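The values are calculated or read from the model by the stated rules, or taken from the named source; none is laboratory data. Computed from a predicted model, the values in this text were never measured in an experiment. Glycine also receives a Cβ, built like all others from the backbone with ideal geometry; neighbour counts cover every protein chain displayed.
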Amino acid sequence: MFLENTVNPKEQFGWIEVICGSMFSGKTEELIRRLKRAQFAKQKVEIFKPQVDTRYHEEMVVSHDANEIRSTPVPAAANIRLLADGCDVVGIDEAQFFDDEIVAVCNDLANKGIRVLVAGLDMDFKGNPFGPMPALMATAEYVTKVHAICTRTGNLANYSFRKSTNDNLVLLGEIDAYEPLSRGAYYKAMLREKVKDIDIDVEQVKDNTNSNG
């Protein structure tokens, strides 16, 4: 839940809105919706995304449904502070990929009277809090958690299960690499992965035993 008008019109401070959830939950779609409304209201809007995210377009923030809005790719959070001067509204997509300074940057902008909208994954593929997102959610006035639909159970999904064997924390990918799962489906999927690893270890021990014998 969030409000777009402060109760006291003389209040000079802005605020932070965080939109979080799993892959395919509509985070970017909701971010774009709010930003386009601000643009329609003739507010000065700037949108930023991490330079590493080039899945759909180098300069556009694009949702999985191909909805898009022009943005500025930046290599570090500090760049946003410099480029957002004079804005009414600032949008930041894929915030989990930014360095920890993104928290101070968002708060500095809000303290200057800017409405800051942030979207990002709240958990990584291992089910752990992702990067600066927990701190952003804690300092934000409004947090919206959106959900995908679990591909295995049809229930609400809030986990991003990685289907590939790549263990890097940052791995850009789409439906070929990730699958939205509910808690139960995610737990079972991770359990199967652990069992698979144990089976592989047992086979390696057998192979080593046979070669040494």
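Within the range 95-108, does at least one residue satisfy the condition of being modelled with pLDDT of 95 or more, small (Gly, Ala, Ser), in contact with a helix residue (DSSP H, G or I) (Cβ under 7 Å, 6 or more places away or on another chain) and assigned to a helix (DSSP H, G or I)?
Checked the range 95-108: at least one residue is modelled with pLDDT of 95 or more, small (Gly, Ala, Ser), in contact with a helix residue (DSSP H, G or I) (Cβ under 7 Å, 6 or more places away or on another chain) and assigned to a helix (DSSP H, G or I).
Which residues, taken from the range 127-137, are surrounded by fewer than 17 Cβ atoms within 10 Å (Cβ to Cβ), in a helix (DSSP H, G or I) and in contact with a helix residue (DSSP H, G or I) (Cβ under 9 Å, 6 or more places away or on another chain)?
Ala135
Sort through Lys145, Lys188 and tell me the only one that's part of a strand (DSSP E or B), of a type in the set (Lys, Arg) and modelled with pLDDT of 95 or more.
Lys145
So, in the range 21-51, exactly how many residues are of a type in the set (Lys, Arg), surrounded by 18 or more Cβ atoms within 10 Å (Cβ to Cβ) and touching a Gly at 6+ places or on another chain (Cβ under 8 Å)?
2
If you scan the range 79-107, which residues turn out to be among the hydrophobic types (A, V, I, L, M, F, W, C), surrounded by 15 or more Cβ atoms within 10 Å (Cβ to Cβ) and free of Cβ contacts under 8 Å to residues at least 40 places away in the same chain?
Ile80, Ala84, Ile102, Val103, Ala104, Val105
Give the residue, chosen from Ala110, Ala119, Ala148, that is buried (at least 17 other Cβ atoms within 10 Å of the Cβ), under 16 Å from Glu30 (Cβ atoms) and in contact with a Phe, Trp or Tyr (Cβ under 9 Å, 6 or more places away or on another chain).
Ala148
Which number in (1) at pLDDT below 85; (2) closer than 27 Å to Thr28 by Cβ; (3) not in a loop (DSSP other than H, G, I, E, B) marks the one condition that Ile200 misses?
Result: Ile200 fails condition (2) only.
Against the definition (closer than 20 Å to Glu94 by Cα, at pLDDT 75 or above and out of contact with any Lys or Arg (no Cβ under 9 Å at 6 or more places or on another chain)), how does Ser164 come out, yes or no?
No: the conditions fail for Ser164.
If you check Ala135, Ala157, which single one turns out to be of a type in the set (Gly, Ala, Ser), at pLDDT 95 or above and under 20 Å from Glu29 (Cβ atoms)?
It is Ala157.
Only one of these is more than 22 Å from Arg33 (Cβ to Cβ), surrounded by fewer than 16 Cβ atoms within 10 Å (Cβ to Cβ), touching a helix residue (DSSP H, G or I) at 6+ places or on another chain (Cβ under 8 Å) and at pLDDT below 95: Val170, Val205. Name it.
On inspection, the qualifying residue turns out to be Val170.
Glu17 - would you say it is modelled with pLDDT of 95 or more, surrounded by 15 or more Cβ atoms within 10 Å (Cβ to Cβ) and within 26 Å of Pro180 (Cβ to Cβ)?
yes
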